[in-house]
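**Student:** The structure follows.
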Amino acid sequence: MNIFRLAGDMSHLFSILLLLLKIHTIKSCAGVSLKTQELYALVFATRYLDIFTGYISLYNTLMKMFFLWSSFTIVWYMRYHNVVRRSYDKDQDTFRHYFLILPCFILALLVHEKFTFLEVLWTFSLYLEAVAILPQLVLLQRTRNVDNLTGHYVFFLGAYRSFYILNWIYRYFTEQNYYKWITWISGLVQTALYADFFYYYVKSWRNSERLQLPA
Amino acid sequence: IDVEGVHDEL
């Protein structure tokens, strides 16, 4: 564990806590894409199957359990909670997320480290995570006016990805034989998707005004 | 140390 990976994990944890806080206390999920949240739940469900087969550390196991629990809790809130579900922008959140799942799965069947059940699902989760933010970004672009919590949520998700890139660079130079092409490339794609959002986020922060995205 | 087939990142 190095400082970049810890900072990345903490940003990830913090982003989810922000989202849960918003949903739980304000009882609103306005501006949050259910499609993206469902994709994340699928990402964690397929990636963390190794929770049953291997042990790395208590930290690792607890984080995995948190990510699994929180992603399904958020989906549950948005779909079934009496108050929260009414604030969901269903008509705006129209990205066809099913179209992301199949290509990612086919790609995982073709490009992977090892052709085993867990390994293919793990690879699928990496590809899917890379594009899972797309419905959220499309929703932000559509609604344009982004409330603070949703903006911070996406910002910290992007920070998590950026720290992971620094972590890979650090590990590449400090560990022997550490190279993970699949993880790196899908991670880079994922981080690149945030670039546009980051630009407007930092701009609004510097002008200390509300985040507004161009149409 | 990264063992083959073990993913230690989250």
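**Student:** Given (1) in contact with a Cys (Cβ under 7 Å, 6 or more places away or on another chain); (2) away from chain B (no Cβ under 14 Å), identify the lone condition not met by A:F124.
**Tutor:** All conditions pass for A:F124, except number (2).
**Student:** Oh, and also: Is it the case that some residue within the range A:139-160 is within 14 Å of chain B (Cβ to nearest Cβ), in contact with a helix residue (DSSP H, G or I) (Cβ under 9 Å, 6 or more places away or on another chain), at pLDDT 95 or above and not in a loop (DSSP other than H, G, I, E, B)?
**Tutor:** Start the filter on the range A:139-160 by keeping residues that are within 14 Å of chain B (Cβ to nearest Cβ), which leaves A:157, A:160.
Checking which are in contact with a helix residue (DSSP H, G or I) (Cβ under 9 Å, 6 or more places away or on another chain) leaves us with A:157, A:160.
Subset that is at pLDDT 95 or above: A:157, A:160.
Subset that is not in a loop (DSSP other than H, G, I, E, B): A:157, A:160.
Checked the range A:139-160: at least one residue is within 14 Å of chain B (Cβ to nearest Cβ), in contact with a helix residue (DSSP H, G or I) (Cβ under 9 Å, 6 or more places away or on another chain), at pLDDT 95 or above and not in a loop (DSSP other than H, G, I, E, B).
**Student:** OK, next. What tally of residues in the range A:76-130 results from selecting those that are in a helix (DSSP H, G or I), surrounded by fewer than 20 Cβ atoms within 10 Å (Cβ to Cβ) and of a type in the set (F, W, Y)?
**Tutor:** 6
**Student:** Turning to a different aspect of this structure: Please specify each residue of the range A:57-71 satisfying the condition of being free of Cβ contacts under 8 Å to residues at least 12 places away in the same chain, at the interface with another protein chain (Cβ under 10 Å from one of its Cβ atoms) and more than 16 Å from A:W122 (Cα to Cα). Outline the logic, then answer.
**Tutor:** As a first pass, look at the range A:57-71 and keep what is free of Cβ contacts under 8 Å to residues at least 12 places away in the same chain: A:57-58, A:60-62, A:69.
Imposing the further condition that a residue be at the interface with another protein chain (Cβ under 10 Å from one of its Cβ atoms) reduces the set to A:57, A:60.
Residue satisfying the conditions is A:S57 alone.
**Student:** While we're here: For the range A:145-197, which residues satisfy the criterion of being within 17 Å of A:P135 (Cα to Cα) and surrounded by fewer than 16 Cβ atoms within 10 Å (Cβ to Cβ)?
**Tutor:** A:N145, A:V189, A:A192, A:A195, A:D196
**Student:** Being under 18 Å from A:Q136 (Cα atoms), within 14 Å of chain B (Cβ to nearest Cβ) and β-branched (V, I, T) is the filter here; which residues of the range A:1-48 pass it?
**Tutor:** A:I16, A:V43
The values are calculated or read from the model by the stated rules, or taken from the named source; none is laboratory data. Here the structure is a predicted model, which is why all the values come from computation and not from measurement. Positions of Cβ are backbone-derived with ideal geometry, glycine not excepted, and every protein chain shown enters the neighbour counts.
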